[in-house]
Amino acid sequence: MNPLEMVVLIVAIVMVATIFIRRMELGKNPPSQADSENQRLRQQVTVLQQRINTLERIVTDRGVQTAAQIEALRERDNVGAEDEA
C-alpha cells in the first residue's frame, strides 16, 4: 500500500468515526431536556409578543393619552432635576 493511500485511508476513517460519535451524542439528549427548553422558549416568545403589542399600541395611539403620558414623564424628569440641584 502506498503511504499516500494509507494517509487518505486514516483520514477517512477518522472522519467517519467523528461523524458516528457526533450522531451518538445527539441521540443521548433526553427528550425532557429538549421539551423543557422548547417550553421555556415558547414562554419567552409569548412575553416578547405581548411587549411588541404594547409598543405598537403606544406608537399607533394618536390620542390625547399619549401626549398626556409624555408630558407627565417630562414633568417627572423636571422635578427630579430640580431635586438634584
**Report entry** Residues (open to solvent by 90 Å² or more (accessible area, probe 1.4 Å) and more than 16 Å from the chain's Cα centre (by Cα)) located in region 22-49
**Finding:** 22, 23, 24, 26, 28, 29, 31, 33, 35
Query raised in the report: So which pairs qualify, if the first residue must be in region 32-60 and under 28 Å from residue 70 (Cα atoms), the second must be surrounded by 10 or more Cβ atoms within 10 Å (Cβ to Cβ), the Cβ gap must be under 8 Å, and the two must be at least 6 apart or on different chains?
Result: 58/66
Report task. Quick one: count up the residues across region 56-67 that are surrounded by 10 or more Cβ atoms within 10 Å (Cβ to Cβ) and not acidic (Asp, Glu). Result -> 5
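The values are calculated or read from the model by the stated rules, or taken from the named source; none is laboratory data. The structure presented is a predicted model; accordingly, all values stated were derived computationally and were not measured. We place every Cβ from the backbone using ideal geometry, glycine too, and count neighbours over all the protein chains shown. With ligands, DNA and RNA removed, areas are computed over all heavy atoms of the protein, side chains included. Shrake-Rupley method; radii C 1.70, N 1.55, O 1.52, S 1.80 Å.
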